[in-house]
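One structure below.
Read-outs: derived from the displayed coordinates by stated rules, not from any lab. As the structure is a prediction and not an experimental result, all values here were calculated from the model. Note that each Cβ is placed from the backbone with ideal geometry, even for glycine, and that neighbours are counted across all protein chains shown.
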Amino acid sequence: MTVTGTSESGERSLSYAIGAPIGLLEARRPLRGTLRFLDREGRAATKGISVGAEWGYRQFIEGGTAAAAIWTFEGITPEEFPEGLPLEMIVRVFRTYQGDIEEGIHGTIQVRNPTSSLRSESLPIVAREFTIDSLLIPRRINTVLAEGGLQEVDLFRDLVSDGRIEVWLQCLEPAQYYGVAQADFYLRAGDGSFVTNYAKSCLGIWFSMLIGTALGVMFSTFLSGPVALVAALAMLLIGQFREFIARLFTSQVTGDSSLVPGGGPIESLYRIVTQTSITLELDPTPAVQAMKVIDTVLLAPMRLAAGIFPSLSSLGTSDFLAGGFDIPGDLLAAHAAETAGYVLAFFIAGVFCLKAREIAS
C-alpha cells in the first residue's frame, strides 16, 4: 500500500510504501535440521566448546580453525523451495578481545552434499548480536572443484542428496567464537497468519485455565473453599517443577551432568557443605558413588509422582508467538490431549469423592 502526503499548498510531496509486517508480527514456519560439530582440528565432536556461560543451551566453535557447526536438513525439494533455500540464523558471539564492536565477527556459510561431499563456495556472513540474519542460497551456485576452480551447478540436482543437504558454519576470526544451538538455523518453509497464530496462543492459555478450574472443582468436592484453593495452588506449583525433576532424574541415571549440574539432593547438600562448585565433577570415590546411588533411589519416586501433577508452563506457547514463529498444529493437538486427560481424571476423581461424601452423610 502506498501513502502519499501533500503540503499545505496542495502540492504533492513525500510518498511512503507500506509493506507486510516484519519481525514479531509474523508466523514463520521453520524447517529445522540436526546439529553436529567439528573440533578445531576438523574431527567429529559430540558438542562444541564451553566458554563458561551458565546457560549451556548454545555451544561455541573457535574462529580461525577447522571447527564447524553442521546442520543436516531433510525433506528438501525444488517444489518446496523453488527460488532456493531461504536460510535464517541466529549466531551468538563470544569475544576474547573487543575488536571492532560495530563491525561484527566475520564467518562463512557453505552448503555440501552429504553423500558426495561436493561443497559450494564460501558465502560470507557477519554475526551480530540479538538479530535474526537471513541468507538466500540460490538455485545456481558455484562449487569448489578438486583442483581449486569453481563450477556453477544446480542446487537441487548436485548438492541435495535424497532430500538432504548440509549447511556448514565457520568463524574466520582467530580467538573469537560463534555460539549456536540446533534451533538457531532453519529454513523458512513459509508463513502462517499472525492472527491465527495469536488465536492458537490464546487457546494454550485457555488450556491452563481449564486445568486450573477442573483441579479447583475436584478439591472442592471434599474440602472447604480456602483449603481447596490452597491445595489446587500447591498442586499447580509442584507441577511447575515437573520438567526439572524429569531432567534431573535423566541426568542422574545417565550420568550426564550437563543436563542438570549439581546432582541430586544428597549430592547438592554435600556441595553446599563443602562449597564445591556445581560445574566441577566429583572424584569417583566409593562414598561419592554411594551418594549418587542414594540420590537415584530418592529421585525415582519423585519422578513418578511429578508425572501426576499438571505443568501449566509446558502448555504455554507464548514463546512461539513472541519469537514470530507459527505454533505447530501437532504441538497444539498434544496440549489438547493432555488437557483433556487431566480434566477427565479430575472429573472422575471429583465424582467419586462427591459420591463418597453423600454416602457418608
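Quick check for me: using +1 on Lys/Arg Cβ and -1 on Asp/Glu Cβ, what's the dipole size of the chain about its Cα centre, in debye to the nearest 20?
Working: 27 positive and 38 negative charges, 242 e Å.
Approximately 1160 debye in magnitude.
Quick one: grab the alpha carbon gyration tensor of region 194-360, order the square roots of its eigenvalues as a ≥ b ≥ c, and give me rounded if a/c is under 1.5, else prolate or oblate depending on whether a/b is larger than b/c.
Numbers: a/c = 2.83, a/b = 1.42, b/c = 1.99.
Taking the square roots of the gyration eigenvalues as a ≥ b ≥ c, region 194-360 is oblate.
What nm distance separates the two modelled labels at Ala290 and Ser277, each placed 7 Å from Cα along Cα→Cβ?
2.9 nm
Within region 137-223, which GluC sites (Glu not before Pro) sit in a loop by DSSP and count at most 10 neighbouring Cβ atoms inside 10 Å? Please report the intermediate quantities before stating the final value.
On the way: sites: Glu147, Glu152, Glu166; in loops: Glu147.
The qualifying sites are Glu147.
Roughly how many whole Å is it from the C-alpha centroid of region 214-288 to that of region 80-156?
Distance between centres, Cα-based: 42 Å.
Scan the chain and hand back the longest stretch that contains none of the chymotrypsin sites (Phe, Trp or Tyr not before Pro) lying in DSSP loops with at most 14 other Cβ atoms within 10 Å.
131-361
Once the piece of chain linking Ser224 and His106 is laid out straight, how much longer is it, given 0.36 nm per residue of separation minus the C-alpha distance between them? Write down the numbers at each step before the final one.
On the way: separation 118, 0.36 × 118 = 42.48 nm, distance 6.44 nm.
Extra length available between Ser224 and His106 comes to 36.0 nm.
For an R0 of 22 angstrom, estimate the FRET efficiency from the Cβ-Cβ distance between Glu129 and Phe194 and round to the nearest 0.05. All intermediate terms of the calculation are to be shown ahead of the outcome.
On the way: r = 26 Å, r/R0 = 1.16.
So, using R0 = 22 Å, E works out to roughly 0.30.
Pick from Ser311, Ser251, Ser116 the residue whose mean-square fluctuation is largest in a GNM of the chain, springs joining Cα atoms under 10 Å.
Greatest mean-square fluctuation among the candidates belongs to Ser116.
Aspartates and glutamates near Lys292 by alpha-carbon distance under 13 Å, same-chain residues fewer than 8 away left out - which ones?
Asp256, Glu267, Glu281, Asp283
Relative to the longest principal Cα axis of the chain, at what angle does helix 265-274 sit, 0 to 90 degrees, rounded to 10?
Result, in degrees: 70.
Rank Glu243, Glu173, Glu281 by mean-square fluctuation in a GNM of the chain with C-alpha springs under 10 angstrom and give only the top-ranked residue.
Glu281
Under a point spin-label approximation (7 Å from Cα along Cα-to-Cβ), what is the Glu54-Asp154 distance to one decimal in nm?
5.4 nm
Taking only Cα atoms and a 10 Å spring cutoff, compute GNM fluctuations for the chain and point out the largest among Val288, Val343, Val93.
Maximum among the listed residues: Val288.
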